[in-house]
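S.K.: Quick one: the structure is below, and I'll ask about it shortly.
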Amino acid sequence: MVKYDIVDDASTLLGVSNKSVNNFIEVLQSCILSAIVDAKAQQEDSLILNLGLSEISIDLVNLQWKSVPTKNTKTKLKNLIVSHEDCPVKEAVLDQVRTKLLSILDEVN
């Protein structure tokens, strides 16, 4: 199994530091925890959180959860796998590398 650092990719694509992406993740975690506290206060047994990429269904009684991709994410994954479309992250990173290299070459010349 291969492990990827999505925080690093997001940082590169957004043009922000890893710290900024991690700060956003902390805010997202706070929102998730707040929703769980609210659901428990309403004596709910479970809740569903839409995170944009997926929906997380949380069983508050047995402390179990599962993640299901949203329709948009499923469509993009299907297009990537079935149609062999280029990966947007790969293309964006390559574009940034090309731009940086051209900039360096301009400075040298």
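The values are calculated or read from the model by the stated rules, or taken from the named source; none is laboratory data. Note that the structure is predicted; figures quoted are calculated from it, not measured. Ideal geometry is used to build each Cβ from the backbone, glycine not excepted, and the neighbour counts take in all protein chains shown.
Every residue, every condition in (1) in contact (Cβ under 8 Å) with a residue 60 or more places away in the chain; (2) of a type in the set (Phe, Trp, Tyr); (3) surrounded by fewer than 13 Cβ atoms within 10 Å (Cβ to Cβ), yes or no:
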site	(1), (2), (3)
26	no, no, yes
30	no, no, yes
35	no, no, no
48	no, no, yes
59	no, no, yes
69	no, no, no
78	no, no, yes
92	yes, no, no
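S.K.: So, one more: Can you tell me which residues in region 6-30 are in contact with a Ser or Thr (Cβ under 9 Å, 6 or more places away or on another chain) and modelled with pLDDT under 90?
M.R.: Answer for region 6-30, where residues must be in contact with a Ser or Thr (Cβ under 9 Å, 6 or more places away or on another chain) and modelled with pLDDT under 90: 11, 14, 17, 18, 21.
S.K.: Quick check on region 87-100. Is at least one of its residues more than 20 Å from the chain's Cα centre (by Cα), of a type in the set (D, E, K, R) and at pLDDT 80 or above?
M.R.: no
So that you can scan it fast, the table gives a plain yes or no per residue for (1) among the aliphatic types (A, V, I, L, M); (2) within 21 Å of residue 5 (Cα to Cα):
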| position | (1), (2) |
| --- | --- |
| 24 | no, yes |
| 48 | yes, no |
| 61 | yes, no |
| 76 | no, yes |
| 79 | no, no |
| 82 | yes, no |
| 94 | yes, yes |
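S.K.: Same structure, new question: What's the number of the condition residue 12 fails, among (1) surrounded by 11 or more Cβ atoms within 10 Å (Cβ to Cβ); (2) free of Cβ contacts under 8 Å to residues at least 40 places away in the same chain; (3) polar (S, T, N, Q)?
M.R.: Looking at each condition in turn, residue 12 falls short on (2).
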